[in-house]
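Have a look at the structure below, then the notes.
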Amino acid sequence: NHEDIELCIRAVGNLTTVLSRAQRGTRVGIRGPFGTSFPMERMHGGNILLIAGGLGLVPLRSPIAHVQEHRSMFDKVDILYGTKDTSRLLFKFQYEMWKKDDIGLHIILEQGDTSWTGPTGYIPKILEEIIVTRDASYIANTYAIVCGPPVMFKSVCTMLSERGVPMQKMFVDLERRMHCGMGKCC
């Protein structure tokens, strides 16, 4: 009666380096989840902007999965994802599946390379392009879930607010240095 659990780990310290080298079937202890969830049911009937910077795409996979399972409950759905370069793109194997579920996927890299044909810069650039192509009724019925580094969500939330998305329809998950959740490692 065991189920698989999937973890996304960036090797930056002793524990995460050991975990990143673990093989399938390795026994590890896990506590959690810690934190709260996004109020997805409240967003039913609306448009959703899922905006992720860097590792911020990891916590957005749950809302994306909810949208996929309940696609008829949402109007326009767009994922805006920015990261440093092509080597840091996460979950590439899911991009086509998201698009097939009528989810707009907009990716921007800080630094492109010879293989990158998409836009370069930062998330506000692609957010602006999306917002200017949509009408006032779109903005009035739009929710945003934003996850990433503080510099990103500050500019993104300011832009959304200035365009008419109220703060009550923005949900922010701050990507910061994460710890064990028990206060033991810091």
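The values are calculated or read from the model by the stated rules, or taken from the named source; none is laboratory data. Worth saying up front: this structure is predicted, and the values here are computed from it rather than measured. All Cβ positions, glycine included, derive from the backbone under ideal geometry; neighbour counts span all protein chains shown. Heads up: the accessible areas ignore ligands, DNA and RNA and are worked out on the full protein's heavy atoms, side chains in. Shrake-Rupley method; radii C 1.70, N 1.55, O 1.52, S 1.80 Å.
Odds and ends about this structure:
- Single residue of the range 160-186 satisfying the filter (among the basic types (Lys, Arg) and within 23 Å of Phe34 (Cα to Cα)) that is modelled with the highest pLDDT: Lys169
- Residue pairs whose Cβ atoms lie under 6 Å apart, sitting 6 or more positions apart in sequence or on different chains, and linking a residue in the range 18-32 that is farther than 12 Å from Ile5 by Cβ to a partner that is open to solvent by less than 80 Å² (accessible area, probe 1.4 Å) and modelled with pLDDT of 85 or more, are Ser20/Ala11.
Yes/no per residue for (1) over 25 Å from Ala11 (Cβ atoms); (2) at pLDDT below 95; (3) under 16 Å from the mean Cα position of the chain (by Cα):
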{"residue": "Val58", "(1), (2), (3)": "no, yes, yes"}
{"residue": "Arg61", "(1), (2), (3)": "no, yes, yes"}
{"residue": "Gln68", "(1), (2), (3)": "yes, no, yes"}
{"residue": "Phe74", "(1), (2), (3)": "yes, no, no"}
{"residue": "Asp78", "(1), (2), (3)": "yes, no, yes"}
{"residue": "Gly82", "(1), (2), (3)": "no, no, yes"}
{"residue": "Arg88", "(1), (2), (3)": "no, yes, yes"}
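- Within the range 34-56, considering residues that are touching a Gly at 6+ places or on another chain (Cβ under 9 Å), open to solvent by 30 Å² or more (accessible area, probe 1.4 Å) and not small (Gly, Ala, Ser), the one farthest from Phe74 (Cα to Cα): Phe34
- Any helices (runs of 4 or more DSSP H) falling wholly within the range 53-159 and containing at least 2 residues that are out of contact with any helix residue (DSSP H, G or I) (no Cβ under 9 Å at 6 or more places or on another chain) and more than 27 Å from Gly35 (Cα to Cα): 95-100, 123-132, 136-140
- Residue tally, condition crowded, with 18+ Cβ neighbours inside 10 Å, in contact (Cβ under 8 Å) with a residue 40 or more places away in the chain, over 13 Å from Thr83 (Cβ atoms) and not aromatic (Phe, Trp, Tyr), over the range 106-152: 5
- Test for Val28: is it outside any loop (DSSP other than H, G, I, E, B) and among the hydrophobic types (A, V, I, L, M, F, W, C): no
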